[in-house]
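This report concerns only the one structure given below.
What follows draws every value from the coordinates through simple rules; no lab data is involved. Since this is a predicted model, take the numbers as computed values, not measurements. Reconstructed Cβ throughout: ideal geometry from the backbone, glycine too, with neighbour counts over all protein chains shown.
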Amino acid sequence: MATLTLEDLPDYLIKEIQQLAQQNNQSINEQIINLLQQAIQKPQPPLKFLISPETDPTWEKRREATSQILADIDKRRRLNPADFGLPDSTELLSEDRER
């Protein structure tokens, strides 16, 4: 392994590195290596979504329609499962937890 010598390192920087090393239960040398590794790590490419403007030509139209779709959903009448003879979801969850 190579040896690296740093000259004219500011006192405040040395103190901060010492504090970090102490917090992470590492030697100063280990902490500096850790900091250097973090600094040179390659940034990860941005996530590519399955549906995005780059992959779907209709994306912008569908995005614009979203607010109308959400408004339509809010206008729908709320249904009570008990009106149809269905059990309450809290009862079903309780049953599952008891298993």
**OP:** Please report, in debye to the nearest 20, how large the charge dipole of the stretch 1-74 is about its Cα centre when each Lys and Arg carries +1 at its beta carbon and each Asp and Glu carries -1 there.
**Re:** 240 debye
Original post:
In straight Cα distance, which lysines are under 21 Å from K61, not counting same-chain residues fewer than 8 positions off?
Top reply: K48
Subject >> Computed [θ] at 222 nm, deg cm²/dmol, the chain (DSSP H ≥ 4; -39,500 (n - 2.57); rounded to nearest 500) >> reply: -17000 deg cm²/dmol
Subject >> Size-normalised alpha-carbon gyration radius of the stretch 1-79, reference 2.2 N^0.38 Å >> reply: 2.25
Original post:
Do any chymotrypsin sites (Phe, Trp or Tyr not before Pro) in the chain lie in a DSSP loop with no more than 13 other beta carbon atoms within 10 Å, and if so, which?
Top reply: F49
Subject >> Packing-based exposure ordering (other Cβ within 10 Å, fewest first) of R77, R97 >> reply: R77, R97
Subject >> Residue order, fewest to most beta carbons within 10 Å, for T3, T58 >> reply: T3, T58
**OP:** Could you tell me which of Q38, I17, W59 has its Cα farthest along the dipole of the chain towards the positive end, charges placed at Cβ (Lys, Arg +1; Asp, Glu -1), taken about the Cα centre?
**Re:** W59
